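Quick one: this structure, given as structure tokens, is what I'll be asking you about.
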Amino acid sequence: MSQLFQLSQYGRLVLEGNKAVDLLHGQCSAEVRKMNPGQHIFTSINNIKGRTLATFLLWCDRADRFYLETLKDNLPTLQTILAKYSPLYRCQVLEDESLGYLALNPENKPHNPVRYQHGWLRFWQEQALPAEPLTQSWLACDLKRGWIFLSAAQSEQYIPLWLGLDLTDGISFTKGCYTGQEVIARLHYRGKAKQRPTLAEGPSSTIEHLQQPELGQLIAYDLASSPACALWLQRAEQQGQTPKGWQIINFQDSEKPHDG
């Protein structure tokens, strides 16, 4: 039986204009100019010190129109940044509240690529929709793709390398300049990112069990999923540590750019 998830925790912006791609190219850590309509990528916008202001899912349905999805409480951060530059690029940025978010999760296929269609987030496999959506946990699905959406409280606390955006092509090291690029590239090429993400899954647990000092900094978790899922930022001496009975897993969103 398919499950239909309500994603009310997310919001999205629309950036529209002939030079929208140029604006995003100068701000996003990913290679935006290689995206085609119907494709998506998870990426970030950072400050000049390389600290991540926001992470978001970016997709386009036309060459001059892009959608940015992130957590609702951090949406103003993205909107402020884009509004600052939009007059220079003759673009318009608006919050899109016209459609709600729903996600279809077909049975036994929890990690298929996703696509966006008319404001609905769904998997490739088509299924008849239930009459009443089921409100279920969705965070584990995001984490397993390497999609770590930062809240407003987490803004500017990390750099994209710590979040593993280089593992899911959310950072380009060949595209040229963007805000924060110099710091991020230097850390990458010198191999001096002091923390890296560790994703693991295991039996249902408590938050206290996941917050042991030797595990590193717990930044996201989903205890309602089966198996439970959590992500830590770990220093070199903590790498590979997991709670008892848990196993490390790899991010599954590793193609670029992603057809949607």
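The values are calculated or read from the model by the stated rules, or taken from the named source; none is laboratory data. Computed from a predicted structure; not experimentally measured. Cβ coordinates were reconstructed from backbone atoms using ideal geometry, including for glycine residues, and neighbour counts include every protein chain displayed.
So which residues in the range 82-97 are polar (S, T, N, Q) and buried (at least 17 other Cβ atoms within 10 Å of the Cβ), if there are any at all?
From the range 82-97, those polar (S, T, N, Q) are 86, 92; that's our starting set.
Result: S86, single match.
Which members of the range 143-154 meet the condition of being surrounded by 22 or more Cβ atoms within 10 Å (Cβ to Cβ) and outside any loop (DSSP other than H, G, I, E, B)?
Of everything in the range 143-154, just one residue is surrounded by 22 or more Cβ atoms within 10 Å (Cβ to Cβ) and outside any loop (DSSP other than H, G, I, E, B), namely L143.
Can you tell me which residues in the range 199-214 are at pLDDT below 90 and either buried (at least 16 other Cβ atoms within 10 Å of the Cβ) or in contact with a Leu (Cβ under 7 Å, 6 or more places away or on another chain) (or both)?
S204, S205
Exactly one of (1) over 15 Å from W246 (Cα atoms); (2) surrounded by 11 or more Cβ atoms within 10 Å (Cβ to Cβ) is unmet by K192. Its number?
That leaves (2) as the condition not met.
A quick yes/no check of all residues on (1) surrounded by fewer than 19 Cβ atoms within 10 Å (Cβ to Cβ); (2) out of contact with any strand residue (DSSP E or B) (no Cβ under 8 Å at 6 or more places or on another chain); (3) part of a loop (DSSP other than H, G, I, E, B):
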{"residue": "E156", "(1), (2), (3)": "yes, no, yes"}
{"residue": "L163", "(1), (2), (3)": "no, no, yes"}
{"residue": "F173", "(1), (2), (3)": "yes, yes, yes"}
{"residue": "Y178", "(1), (2), (3)": "no, no, yes"}
{"residue": "I184", "(1), (2), (3)": "no, no, no"}
{"residue": "L187", "(1), (2), (3)": "yes, yes, no"}
{"residue": "P197", "(1), (2), (3)": "no, no, no"}
{"residue": "A220", "(1), (2), (3)": "no, no, no"}
{"residue": "Q241", "(1), (2), (3)": "yes, no, yes"}
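Please indicate, with yes or no, whether at least one residue in the range 149-159 is charged (D, E, K, R), at pLDDT 95 or above and in the same structural domain as Y10 (by TED's automatic domain parsing).
Going through the range 149-159, the residues charged (D, E, K, R) turn out to be 156.
Add one more test, that the residue is at pLDDT 95 or above, and what stays is 156.
Remaining after also requiring in the same structural domain as Y10 (by TED's automatic domain parsing): 156.
For the range 149-159, residues charged (D, E, K, R), at pLDDT 95 or above and in the same structural domain as Y10 (by TED's automatic domain parsing): present.
Looking at (1) of a type outside the set (V, I, T); (2) in contact with a Phe, Trp or Tyr (Cβ under 9 Å, 6 or more places away or on another chain); (3) over 30 Å from D22 (Cβ atoms), which is the one condition that is false for Y189?
Going through the list (1) of a type outside the set (V, I, T); (2) in contact with a Phe, Trp or Tyr (Cβ under 9 Å, 6 or more places away or on another chain); (3) over 30 Å from D22 (Cβ atoms), Y189 breaks only (3).
Select, from G202, G180, G176, the only residue that is over 21 Å from the mean Cα position of the chain (by Cα) and touching a residue at least 40 places away in the same chain (Cβ under 8 Å).
Values: G180 fails: over 21 Å from the mean Cα position of the chain (by Cα); G176 fails: touching a residue at least 40 places away in the same chain (Cβ under 8 Å).
After ruling out the rest, the residue left standing is G202.
How many residues does the range 38-64 contain that are polar (S, T, N, Q) and over 16 Å from the mean Cα position of the chain (by Cα)? It would help to see each step written out before you state the result.
Taking the range 38-64 as the starting set, the residues that turn out to be polar (S, T, N, Q) are 39, 43-44, 46-47, 52, 55.
Filter once more, keeping what is over 16 Å from the mean Cα position of the chain (by Cα): 47.
Counting residues in the range 38-64 that are polar (S, T, N, Q) and over 16 Å from the mean Cα position of the chain (by Cα) gives 1.
A follow-up question, please. With (1) surrounded by fewer than 17 Cβ atoms within 10 Å (Cβ to Cβ); (2) in contact with a strand residue (DSSP E or B) (Cβ under 8 Å, 6 or more places away or on another chain); (3) not hydroxyl-bearing (S, T, Y) as the list, and R62 as the residue in question, which single condition is left unmet?
That leaves (2) as the condition not met.
Go through the range 207-227 and report how many residues are hydrophobic (A, V, I, L, M, F, W, C) and without any contact (Cβ under 8 Å) to a residue 40 or more places away in the chain. If you could, list the steps in order and put the result at the bottom.
Filtering the range 207-227 for residues hydrophobic (A, V, I, L, M, F, W, C) gives 207, 210, 215, 218-220, 223-224.
Of the ones still in play, those that are also without any contact (Cβ under 8 Å) to a residue 40 or more places away in the chain are 207, 210, 215, 218, 223.
Qualifying residue count, the range 207-227: 5.
Just checking, how many residues over the range 32-56 are out of contact with any helix residue (DSSP H, G or I) (no Cβ under 9 Å at 6 or more places or on another chain) and not basic (K, R)? Walk me through it before giving the result.
First, the residues of the range 32-56 that are out of contact with any helix residue (DSSP H, G or I) (no Cβ under 9 Å at 6 or more places or on another chain): 34, 36-40, 47.
So of that shortlist, the ones also not basic (K, R) come out as 36-40, 47.
Selection size over the range 32-56: 6.
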